[in-house]
Amino acid sequence: MNKKALAILMRARMRPNHLTNFALSPISNELNQILSNSHGNRSGENGEHHAMEHGKETLNHQRSFEVVRESMHSVISMNKTEVGDSVLNEFLEGYCSLSFENRRKLLLTLAKEYDLNRAQVRELIKQYLGLQPPGSEAQSGGVADEGFLSTFYRIERNLRHSLKPVYETLFERLNTHPEGLKFLTIIRADILSILTEGNIASLRALDSYLKEKLTTWLSPAALELHQITWDDPASLLEKIVFYEAVHPISNLIDLKRRLGVGRRCFGYFHSAIPREPLIFIEVALLKNIAETIQEVLWDNPPIAESEATCALFYSISSTQPGLAGINLGKFLIKRVITLVKIDMPHISVFATLSPIPGFMQWLLSKLASQSKLAKAEDISRSPADRSGLTFYENILEPEEERALIDSSGDLASGKSGMEIMLNLLTPPTHEWTNSDKLLSALKPPLMRLCARYLLQEKKRGKALDSVANFHLQNGAMVQRINWMADQSEKGLNQSAGIMVNYVYRPENIEEYAQLYFSKGHIHSSYDVKRYIQPVLENESKDSLL
């Protein structure tokens, strides 16, 4: 094993294996790393020793809340020419030293006490409304007086300024610090963590404002696209192993394969956060759109790249929890499509093999609520008679229900097909996957209900599934759903092993994205629509009545 492989392996083993709660947890370690970076100009053994002692001192000693609050106030209130790296470093160090509860207290203080001056805004609005608009009858001859217009311009300028919260100054000044952008993403990760505890209006406004700032500072023009290869530094490859969120990288052979022949990995980088991708995407070059993740990751050796006709995006991972809700993936996918088309003109199909993370949660909840409702309203009725019950919906077709009752055997019991299906799918052991009879009985309803979930189940007019919403708003269409495409424990827990292919047609991306945004319209192939075609036909007939 060479030195690079050993370095990646050792560092990866030292990191936690799961990132489930990473996005919503206090991030002291990253803050400490920033502090060590900010003191990087100290050289020699004495400097390194001093930095280490300083780091230990920071970890072991929590500064008082008031000291850090005063440091934050200094950053905001000082003259622009007086604010240097030393002042900003003091605040960064102070924030790092606080407990999470004190960080929470500080951010709430920032949100409430450094908001905009609403009394000033109201007064300016009153002044503005008291003026007669230019060109009104009150002005002699209808000729706009320059002095009169200057009053409008002055109040409008003051109003624009007063509508900016005071904490904008903190964000702007932190962004000038060498480590400031990274620090701001960490602050936002803490804000998001606090908001999970309760919807605090002032903090929600602070988050919205910071999100807008980060979106501007991380515009596509400010980002650099880089193809990540095995020749990149071990420190970068380690981050790919650590941050891979869709299909965990199992070992170095797996990593090398994903960066080798027939595969590509691209990341978006920002100069203020060097050596760490903000987001990265993994691509497989194939003859056809893959139906299972097994064939992408391990089953088949890669084909000659010259024979490939499809670029399959099979994993996209963000590395910064504080950038949640900022759609860098949209720009990354478009850039990669453009780059692949230039480098490999023989690639004509751009598709994904995507997980469906919310399907089982939705399905099990639906099965549980409908089974409970049937029992509560009239337990004595037969399944056929229950269709008349208020709010009751038997989500299984009659032939699907019969097949489940006939196939369940000793694995699951129940008075209806829905109860049996719920009892089969709920246990974490997934014993149903070991029975050919049950697989045959479950496939029709699961595929049909998955199509319904992707195409019809919505929240605020958009796809309920988060991954579906991501690709649809980027201009993709639902091409195909695939049975037993991911048989890992994660895949079975999320979606009963079903995965979906989204296809990006470069000539239709903007049109599809616009229709989805404006009308919630989801483009899909006939192969997917046919699962729910009777329902769609009935809806169409009802709309004509």
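The values are calculated or read from the model by the stated rules, or taken from the named source; none is laboratory data. None of these values were measured; they are calculated from a predicted model. Cβ placement follows ideal geometry from the backbone for every residue including glycine, while neighbour counts extend to all protein chains displayed. Please note that ligands, DNA and RNA were not included when accessible areas were found on the heavy atoms of the full protein model with its side chains. Shrake-Rupley method; radii C 1.70, N 1.55, O 1.52, S 1.80 Å.
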task: State which residue is modelled with the lowest pLDDT when the search covers only the stretch 174-204 and only residues that are among the charged types (D, E, K, R) and open to solvent by less than 40 Å² (accessible area, probe 1.4 Å).
output: GLU179
task: Test ILE228 against the stated conditions and say whether it is β-branched (Val, Ile, Thr), over 17 Å from the mean Cα position of the chain (by Cα), closer than 30 Å to LYS287 by Cα and buried (at least 21 other Cβ atoms within 10 Å of the Cβ).
output: yes
task: Filter the stretch 424-438 down to residues that are under 32 Å from the mean Cα position of the chain (by Cα) and without any contact (Cβ under 8 Å) to a residue 12 or more places away in the chain and give me whichever is least open to solvent (accessible area, probe 1.4 Å).
output: PRO427
query: When residues of the stretch 473-503 are filtered for being charged (D, E, K, R) and buried (at least 20 other Cβ atoms within 10 Å of the Cβ), how many remain?
result: 1
- prompt: Which condition number does CYS450 fail, the rest of (1) within 18 Å of GLU393 (Cβ to Cβ); (2) touching a Pro at 6+ places or on another chain (Cβ under 9 Å) being met?
  reply: (2)
- prompt: How many residues does the stretch 370-404 hold that are modelled with pLDDT of 90 or more, outside any loop (DSSP other than H, G, I, E, B) and not acidic (Asp, Glu)?
  reply: 4
message: If a residue must be in contact (Cβ under 8 Å) with a residue 24 or more places away in the chain, of a type in the set (Gly, Ala, Ser) and open to solvent by 50 Å² or more (accessible area, probe 1.4 Å), how many such residues does the stretch 504-520 contain?
response: 0
query: Is one or more of the residues making up the stretch 209-223 on the phi < 0 side of the Ramachandran plot, among the small types (Gly, Ala, Ser) and open to solvent by less than 30 Å² (accessible area, probe 1.4 Å)?
result: no
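Table: residues versus (1) closer than 27 Å to GLY180 by Cβ; (2) open to solvent by less than 30 Å² (accessible area, probe 1.4 Å).
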| residue | (1), (2) |
| --- | --- |
| GLU291 | no, no |
| TRP298 | no, no |
| SER318 | yes, no |
| LYS330 | yes, no |
| PHE359 | no, yes |
| SER369 | no, no |
- prompt: In the stretch 324-333, is there at least one residue being in contact (Cβ under 8 Å) with a residue 24 or more places away in the chain and part of a strand (DSSP E or B)?
  reply: no
query: Applying the selection to the stretch 88-122, what residues are open to solvent by 30 Å² or more (accessible area, probe 1.4 Å), touching a residue at least 60 places away in the same chain (Cβ under 8 Å) and among the basic types (Lys, Arg)?
result: ARG104, LYS112
